[in-house]
Structure formats: structure tokens, C-alpha cells
């Protein structure tokens, strides 16, 4: 038996050498299945688009994200200035890379997002 300490939690957990392969056998298949499913492009058909302002080394940056309903980040864009062409550009890039049109696209109703329409 080997001991593992988690100093932040103040816990000591005893783990045998066989425990790790058992965890891999139990959890690895599920994780591999999810990776394979995502690599085939089977994402949720509901996408969320949002914009947020981040401060990096004292400078403002705008982060545009596209996330599916399961929380998987589909695409990101980081800019040093806010640009009204960023949202349509992000959507075009996203649709081109995914190859499918989502059933629903949810935005945070900011002005750059308003002209977005799926055909």
C-alpha cells in the first residue's frame, strides 16, 4: 500500500497499486466514448454565444465564446478592442468548423449579437 496525502483537504488516502488500473478500467471507457463522440462532431444542438470583458495585465480584452448545451466550448475569440463584426465572424467560423446548424442559438442580447440570423 502506498499513501497519498492531500494537504489542502487535510486527508490521508491509502491507495493500493491495483486501484489506479481499476479506476482506468471503470472510468476510462466512459471518458474515451465521450472523446470519440465529440471528435465525430456530435455536439448538442443548442449553442450559447456570449461576450465578456477580461482584464489581462491591466488591459481590457473582449472574449467571445460559443458553448454547447453540455458546456463544451466550441469556439473562442479574444480581442483587444470591441468589434461589431466579431460576433458574425465567430458564428461563420463556428458553422464552417462544425458543419451543422444548431436548432437554437442563445445570445446574451448584446447589440453585436442582434443581427445574427441563421438561414
Completion exercise
Per its Cα gyration tensor (rounded if a/c is under 1.5, else prolate when a/b beats b/c, else oblate), the stretch 39-79 is best filed as prolate
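Full-extension gain between residue 23 and residue 100, please, as 0.36 nm times their residue separation minus the C-alpha to C-alpha distance.
Numbers: separation 77, 0.36 × 77 = 27.72 nm, distance 3.54 nm.
Extra length available between residue 23 and residue 100 comes to 24.2 nm.
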Fill in the blank from the handout: residue 13 and residue 54 label points (each 7 Å along its Cα→Cβ direction) are spaced in nm at 2.9 nm
Exercise for the section: Can you tell me how much longer the chain between residue 72 and residue 108 gets when fully stretched, taken as 0.36 nm per residue apart minus their C-alpha distance, in nm with one decimal? Expected result: 11.2 nm
Practice task
At 7 Å along the Cα-to-beta-carbon direction for both residue 89 and residue 46, put a label point, then send me their distance in nm to one decimal.
Solution key: 3.0 nm
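Readers should treat all values here as calculations from the given coordinates under stated rules, not as data from a laboratory. On a predicted model such as this, the values are computed, not experimentally measured, just so you know. No Cβ is skipped: glycine too gets one built from the backbone with ideal geometry, and neighbour counts run over all protein chains shown.
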